[in-house]
Every structure is written in C-alpha cells, then in structure tokens.
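The values are calculated or read from the model by the stated rules, or taken from the named source; none is laboratory data. Small disclaimer: the values here were computed from a predicted structure and weren't measured. Cβ atoms come from the backbone with ideal geometry, glycine included; neighbour counts cover every protein chain shown.
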Amino acid sequence: MARFGLDRAEQFGGQGGAGFFGLKGRKTAHIRFLYNEISEVEGYAVHEIELGGKKRYVDCLRGEHDGIDKCPLCREGNWVQVKYFVPVYDEDLDQVFTWDRGKAFGRRLEKLFSKYAAEEPLCATSFAVTKETNDEGATYLSIKADYNDGTELDELPEYTAPVYGKLVLEKTAEEMEEYLEYGDYFGEDAC
Ligand SMILES: [Zn+2]
C-alpha cells in the first residue's frame, strides 16, 4: 500500500465525507480540519485512470524502494501523483466532506497548523477558506484561521469515508495488466 505520513511525502514522486469539498459558488467557506494532530495527515501515491468514463484513482503498487516493474501502471508511464484526502467539516453547510488535494497541500497544511493551530486538537480551530484573485488575475484559495474555541473531534460530525475502496481503488498487478491490455476494465470484478 502506498500510504505514508506527511514527513515522508517528499519521497514519492456527501455523507460521512463521501462528497468532495469545494466553494461551489461561495466566496468563503468556514471549515474545520477533522484531525487531532498533524501525524494523522496521510498522503497517498496513486495513479489517475479513466474507468467507465470517470476519473478514478488507483493505488500505486510500488513501495519506496521498489523498481518501476513492480507496478504495471508505473511501467507504462502513468505518472504517480501524491494526493491528500483531507477530511473537513463545512460549518456553513453543516456537512462533512473530503478535500481532494495535491502534493503541495501537505506542506501547506504543515505551515497552517504550525502557524495557527499549534495547540491541539487541530479541529479546535475554525478556518476561513476564501477565493481570492491575484494581480495577474489568477484565482487561488486563501486559508486563514478565524478562532480556536476548543472544540474536540467527538463534538463534530464523524468522517467515515474510507480511502481505500472508495476514493482509491486497490488493484493487483494482474488486474492492472488486464486494464492496460483491454482498457476501461479490471478483470471480472469491474467496479
Ligand atoms: Zn505505480
């Protein structure tokens, strides 16, 4: 399984959180990161493929010291991406979501937490996520701490979306070979 803590990320090139977080037309959202401490943040090394007309992530089969042949998708040149599936509670919508973020977000979370939420639990701090426009006209998200009210994890809605099987598909090398050969298909047990 290609899963690792934040400190090792550099070494790799709806309901209960089933839905994905986004501003969706809002300028600002107030959120809490559903973590006690930074060590709970986990990155995933995945491949992005198309399955049934949809983009899906598949777990990369390579461990840190494995060669490229260990994972058929790597071998065929499908780029490995680092993903963070960040559990957040959207206070404005009163809903738990998964925030699908890329590699750079790991470092950003580290900085945010060390600056604003040094006192655990991390979920005690409410953050404002705002869509901003820079001088060049490009939009970006600013994330700023609002306040810390000491809220604990068990006082917030539970995040229950499983990463493996739901957000990231786990496939064997044989199933990947089949996908590569026939496309859009993972053996008999296609999902
Ligand atoms: Zn791979």
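Some notes on this structure:
- Some residue of segment 29-36 being modelled with pLDDT of 90 or more, of a type in the set (D, E, K, R) and buried (at least 20 other Cβ atoms within 10 Å of the Cβ): yes
- Of all residues in segment 52-61, at least one satisfies being away from the ligand (no atom under 16 Å from the Cβ), closer than 19 Å to LYS166 by Cβ and more than 18 Å from the chain's Cα centre (by Cα).
- Candidates are the residues of segment 75-113 that are of a type outside the set (S, T, N, Q), within 20 Å of the chain's Cα centre (by Cα) and within 16 Å of the ligand (Cβ to nearest atom); the one that is farthest from GLY17 (Cα to Cα) is TRP79.
- Tallying residues that are part of a loop (DSSP other than H, G, I, E, B), modelled with pLDDT of 90 or more and either of a type in the set (Phe, Trp, Tyr) or within 24 Å of ASP100 (Cβ to Cβ) (or both) within segment 168-191 yields 2.
- Within segment 114-126, the presence of at least one residue that is within 18 Å of the chain's Cα centre (by Cα) and either at pLDDT 95 or above or away from the ligand (no atom under 14 Å from the Cβ) (or both) is confirmed.
- Any chance ALA161 is under 30 Å from TRP79 (Cα atoms), small (Gly, Ala, Ser), out of contact with any Lys or Arg (no Cβ under 9 Å at 6 or more places or on another chain) and crowded, with 17+ Cβ neighbours inside 10 Å: yes
- Among the conditions (1) on the phi > 0 side of the Ramachandran plot; (2) within 19 Å of the chain's Cα centre (by Cα), the only one that ARG32 does not satisfy is (1).
- Some residue of segment 145-154 being loosely packed, with under 15 Cβ neighbours inside 10 Å and within 21 Å of GLY22 (Cβ to Cβ): yes
- Members of segment 81-115 that are surrounded by fewer than 18 Cβ atoms within 10 Å (Cβ to Cβ) and not basic (Lys, Arg): GLN81, GLU91, ASP92, LEU93, ASP94, GLN95, ASP100, GLY102, ALA104, GLU110, SER114
- Conditions (1) surrounded by 14 or more Cβ atoms within 10 Å (Cβ to Cβ); (2) in contact with a Cys (Cβ under 6 Å, 6 or more places away or on another chain): number failed by ILE68: (1)
- Taking each residue of segment 43-61 that is closer than 16 Å to ALA173 by Cβ and at pLDDT 90 or above and looking for partners that are surrounded by fewer than 20 Cβ atoms within 10 Å (Cβ to Cβ) and of a type in the set (Gly, Ala, Ser) with beta-carbon atoms closer than 7 Å, six or more apart or interchain, yields LEU61/ALA173.
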